[in-house]
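Notes for the one structure printed next.
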Amino acid sequence: MKLDRGYPLVRAEDGALYRCEHAIALVKEHTLRAAIGDRVAIDVGEGHDKALIKEILPRTSQLVRKDPSEQALSQVLAANFDRVLVAQPLTDLNIRRLERELVLAHETGAAVSVILTKADLAATEGQQESVLGRVRGLVGTGGVSVVSTADPVSIEALRALIPPGEVAVLVGKSGVGKSSLVNLLVGHEVQKTADVRDTDGKGRHTTVSREMIEIPGGGRVVDMPGIRGLGLWDADAGIEAAFSDIEELAGACRFRDCKHEAEPGCAVCAAVRQGVLAEGRLASWRALKQETAAIQGRREEAARLRTRSGHPRTRKPPPPPEEDES
Ligand code: GDP
Ligand code: ZN
């Protein structure tokens, strides 16, 4: 239910909450650690202040990034959710970041929606339409919702994306308005927003936790506080889904393994020349492909070193949750 600087908080079937430790056997044999949304088997020993996580059940979905502090390890940020909501401010859209967020989101296999926040800050309706058009080009017409905390009705479209029994994960840079949205969905303040955080004198660097939040009459939402790094891990399927325009064009390339660089008969390069495909989009695709290939190479190298030394590498304890980005 919750990961913060303390021990993972687990809710039992009867509703009781337990702070838990991972069983030593679990940590030794696997590199698994419980993530938000995981279903776990716990042992509630008599007279202990903490229960023991003995097993992490197979996940139906997981949000994975490269561990920012490790060369060749991944980190699971959330598990067992039905939808990823990618939030970006409508008037300050960062398309390169959105592309990366969409790759990570699609890689999970869950449904993906983009939430354009702070619509009230748009100067004109024209500005709103033009941003909406760009994002629709990336995720399809039904994949985008425009919301504003100033317009309660706009929140209803978001609410509909998180029906009872389902779990959504909300990702996006710090300050895009995620906490504000969660508070509106819940109907009272469960997440501190930036305004509140600023008053503690520590600016935006207040400790954050990841928590499963119940929406009255709806499903549950996990607000992923602004996470610093969104390094790709396994991302080939995610790239394919997030760049379906390039994948589609690639079907007409002369060579099946065309890299869309300067090969003869490259339909993707032709589309760029004709102005059908933006050059920046192809550059993003290429950079993300290279990033995932590089991490794959490092993983293989790490695996070789492990077999050579004969010791499976046990994982160091996870670092405390990160400070929010500023
Ligand atoms: P988070 O870091 O993604 O959780 O973002 P917050 O919810 O803390 O919001 C960051 C800042 O944006 C706060 O000052 C909010 O009051 C403001 N904000 C959030 N949503 C909106 C909105 O729809 N319109 C406007 N004008 N400001 C908003
Ligand atoms: Zn090609």
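The values are calculated or read from the model by the stated rules, or taken from the named source; none is laboratory data. In this text, all values refer to a predicted model and were calculated from it rather than measured experimentally. Cβ: placed from backbone, ideal geometry, glycine included. Neighbour counts: every protein chain shown. The area values use the complete protein model at the heavy-atom level, side chains included, leaving out ligands, DNA and RNA. Shrake-Rupley method; radii C 1.70, N 1.55, O 1.52, S 1.80 Å.
Checked against (1) open to solvent by 30 Å² or more (accessible area, probe 1.4 Å); (2) part of a helix (DSSP H, G or I); (3) at pLDDT 90 or above; (4) of a type outside the set (Gly, Ala, Ser), TYR18 passes all but condition (2). Applying the set (1) farther than 17 Å from PRO89 by Cα; (2) at pLDDT 95 or above; (3) in a loop (DSSP other than H, G, I, E, B) to SER148 leaves exactly one unmet item: (1).
Here's a check for you: in region 268-285, which residue that is hydrophobic (A, V, I, L, M, F, W, C) and not in a loop (DSSP other than H, G, I, E, B) is farthest from ligand 2 (Cβ to nearest atom)? Steps first, answer last, please.
Taking region 268-285 as the starting set, the residues that turn out to be hydrophobic (A, V, I, L, M, F, W, C) are 268-272, 276-278, 282-283, 285.
This time we only want the ones that are not in a loop (DSSP other than H, G, I, E, B), so: 268-272, 282-283, 285.
On the way: VAL268: 4, CYS269: 6, ALA270: 8, ALA271: 9, VAL272: 10, LEU282: 10, ALA283: 14, TRP285: 11 Å.
Within region 268-285, the match that is farthest from ligand 2 (Cβ to nearest atom) is ALA283.
Answer with yes or no whether VAL86 is closer than 25 Å to ALA302 by Cα, under 11 Å from the mean Cα position of the chain (by Cα) and among the aliphatic types (A, V, I, L, M). It is false that VAL86 is closer than 25 Å to ALA302 by Cα, under 11 Å from the mean Cα position of the chain (by Cα) and among the aliphatic types (A, V, I, L, M).
Just checking, does region 120-139 include any residue being over 16 Å from ILE239 (Cα atoms), part of a loop (DSSP other than H, G, I, E, B) and at pLDDT 95 or above? No, that holds for no residue. Please verify whether ARG220 is under 30 Å from VAL167 (Cα atoms), at pLDDT 95 or above and touching a strand residue (DSSP E or B) at 6+ places or on another chain (Cβ under 6 Å), treating the condition exactly as stated. Criteria met by ARG220. Taking the listed residues ARG39, ARG97, the one that is more than 30 Å from ARG11 (Cβ to Cβ) and surrounded by 14 or more Cβ atoms within 10 Å (Cβ to Cβ) is ARG97, with no other qualifying.
Taking first residues from region 249-276 that are hydrophobic (A, V, I, L, M, F, W, C) and partners that are open to solvent by 100 Å² or more (accessible area, probe 1.4 Å), the Cβ contacts under 7 Å between residues at least 6 apart in sequence or on separate chains come to VAL272/GLU279. Restricted to region 235-265, and to residues there that are open to solvent by less than 70 Å² (accessible area, probe 1.4 Å) and of a type in the set (D, E, K, R), the residue that is nearest to VAL135 (Cα to Cα) is ASP245.
Going residue by residue through region 40-60, is there one that turns out to be under 24 Å from the mean Cα position of the chain (by Cα) and touching a residue at least 40 places away in the same chain (Cβ under 8 Å)? No: region 40-60 contains no residue that is under 24 Å from the mean Cα position of the chain (by Cα) and touching a residue at least 40 places away in the same chain (Cβ under 8 Å). Taking each residue of region 144-162 that is touching a residue at least 40 places away in the same chain (Cβ under 8 Å) and at negative phi and looking for partners that are near ligand 1 (Cβ under 8 Å from one of its atoms) and not in a helix (DSSP H, G or I) with beta-carbon atoms closer than 9 Å, six or more apart or interchain, yields VAL146/THR117; LEU158/VAL147. Looking only at region 294-310, decide whether some residue is at pLDDT below 95, assigned to a helix (DSSP H, G or I) and more than 30 Å from HIS22 (Cα to Cα). Yes, region 294-310 contains at least one residue that is at pLDDT below 95, assigned to a helix (DSSP H, G or I) and more than 30 Å from HIS22 (Cα to Cα). Which condition does ARG83 not pass, out of (1) open to solvent by less than 40 Å² (accessible area, probe 1.4 Å); (2) of a type in the set (Lys, Arg); (3) modelled with pLDDT of 95 or more, if it passes all the others? Status for ARG83: all satisfied but (1).
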